[in-house]
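Here is the structure we will look at, set down as structure tokens.
The values are calculated or read from the model by the stated rules, or taken from the named source; none is laboratory data. Note that the structure is a prediction, hence the values are computed from the model and not measured. All Cβ positions, glycine included, derive from the backbone under ideal geometry; neighbour counts span all protein chains shown. Surface accessibility is based on the protein's heavy atoms, side chains included, excluding ligands, DNA and RNA. Shrake-Rupley method; radii C 1.70, N 1.55, O 1.52, S 1.80 Å.
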Amino acid sequence: MYKESKKLSGSDVRKKIYHYCAYQERSHQEVRNKLYELQLSAPDIDELISHLITEGYLNEERFAKAFAGGKFRLKKWGKIKITNALEGKGLTQNCIRIGLREIDDKDYRATIESLLLKKADQADEPNLYVRRDKLATYVIQKGFEPELVWEVVKEIIN
């Protein structure tokens, strides 16, 4: 059954949204969706979001950096997958570019290598070309650039 949602007062909404933004970095779109959930009107939402930006609770560049760095380090996502996810959250290309700068090129390549080696240990394909293809496909599906993946595959899988 549906739970009756009561309308919150303005100060309760502010407290709730301050906590929501302080808990972790959020995109403007996430905050906007949360405010719609809390049944605020569109003009109130715009006003509150601009206030949150002014107060430093919302910053899309900071969000992009945290998101890109976290998804790369924790989930081993590639730049393509991270870019698509950030675009889905409504970030500008400039913010996305700034966020992707958080990923060190040496670490990026080392991650591709480690993903390939880990998967190579699990793959028991006798045909070298089929094996390379399976390994490359696995890493490409994680959002890494195909050209770079194939370059690394050819270096480490003989």
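Okay, here's what the table says:
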item: Debye, to nearest 20: dipole size of region 1-85, +1 on Lys, Arg Cβ, -1 on Asp, Glu Cβ; result: 660 debye
item: Isotropic mean projected area of the C-alpha convex hull, the chain (nm²); result: 12.8 nm²
item: Fraction of the pair-distance distribution of region 12-74 above 15 Å, Cα-Cα pairs, percent; result: 48 percent
item: Selection of chymotrypsin sites (Phe, Trp or Tyr not before Pro), region 1-102, meeting DSSP coil and at most 15 other Cβ within 10 Å; result: Tyr2
item: Accessible-area composition of region 14-130, carbon plus sulfur, in percent [1.4 Å probe]; result: 48 percent
item: Kyte-Doolittle at least -0.5, axis length at least 18 Å by Cα - qualifying DSSP helices, the chain; result: 42-55, 128-141
item: Leu117-Thr92 FRET efficiency (beta carbon distance; Förster radius 35 Å; 0.05 resolution); result: 0.45
item: Radius of gyration, Dmax [region 65-150; alpha carbons; angstrom]; result: 14.1, 45
item: Size of charge dipole - the chain - debye, nearest 20, with Cβ of Lys, Arg +1 and Asp, Glu -1, no other charges; result: 380 debye
